[in-house]
1. Could you check the stretch 73-90 and list, in sequence order, the residues that are within 17 Å of the chain's Cα centre (by Cα), surrounded by 10 or more Cβ atoms within 10 Å (Cβ to Cβ) and in a helix (DSSP H, G or I)?
2. Of (1) over 23 Å from Ser14 (Cβ atoms); (2) of a type in the set (A, V, I, L, M); (3) touching a Lys or Arg at 6+ places or on another chain (Cβ under 8 Å), Ala137 satisfies all except one. Which?
3. Of Arg100, Arg117, Arg107, which residue is exposed (fewer than 13 other Cβ atoms within 10 Å of the Cβ) and in contact (Cβ under 8 Å) with a residue 60 or more places away in the chain?
4. Of the conditions (1) within 22 Å of Gly79 (Cβ to Cβ); (2) surrounded by 11 or more Cβ atoms within 10 Å (Cβ to Cβ); (3) at pLDDT below 85, Val56 satisfies every one except a single condition; which number is it?
5. Kindly establish whether Val28 is at pLDDT 90 or above, under 22 Å from Gly134 (Cα atoms) and not basic (Lys, Arg).
6. Identify the single condition in (1) in a loop (DSSP other than H, G, I, E, B); (2) at pLDDT 65 or above; (3) open to solvent by 100 Å² or more (accessible area, probe 1.4 Å) that His44 does not satisfy, given that it satisfies every other one.
7. Of the conditions (1) at pLDDT below 90; (2) more than 25 Å from Cys18 (Cα to Cα), Asn111 clears all except one; give me its number.
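The values are calculated or read from the model by the stated rules, or taken from the named source; none is laboratory data. All values reported here derive from a predicted model rather than from experimental measurement. So basically every Cβ, Gly included, is an ideal-geometry build from the backbone, and we count neighbours across all protein chains shown. Each accessible area value is taken on the protein alone, full model and side chains, heavy atoms only, with ligands, DNA and RNA left out. Shrake-Rupley method; radii C 1.70, N 1.55, O 1.52, S 1.80 Å.
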Amino acid sequence: MRGETCTVCSEAVSKYKCPTCRAGYCSVKCFKLHKLEPCAPPDHSTPAAAPSKGRVLKQSEQDRIGDDDEEEKYRLTPGDLQKLDESTKVKQLLMNPNTRALLEAVRKDPNPVEAIRALRQRPDFEELAQALIGATAMT
């Protein structure tokens, strides 16, 4: 199943969502371009809709998205994304093809939270998780 197209470059599949307006983007570069223009949170007075096509989501899709307020406290900020981009430890760990395969499996899993919980039992994945947490920790 192919995902939505990046709302910035319109060339790649959007893998990420803007923490403010929920527009899809494909990379840090596109995120930075998107953030050059002010954006606003989506209007919650209407049913949830996909940003680029304006279609109303099915209940099963809305359930997968979850509660935005609960999710918001775990969402990475632009500053967090910058810290990850600058982390040599994270970059080093992401060079491992096995780690990249694990992350791709999580991305494709219908229940990524459970997939991550299971992978946290693996020392190589736990090392990545700790590097990600450490890179974005408050200083």
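1. Pro78, Asp80, Leu81, Gln82, Lys83, Leu84, Asp85, Val90, listed by residue number.
2. It is condition (3) that Ala137 fails.
3. Result: Arg107 is the single residue among Arg100, Arg117, Arg107 that is exposed (fewer than 13 other Cβ atoms within 10 Å of the Cβ) and in contact (Cβ under 8 Å) with a residue 60 or more places away in the chain.
4. Exception for Val56: condition (1).
5. no
6. Condition not satisfied by His44: (2).
7. Unmet for Asn111, out of (1) at pLDDT below 90; (2) more than 25 Å from Cys18 (Cα to Cα): (2).
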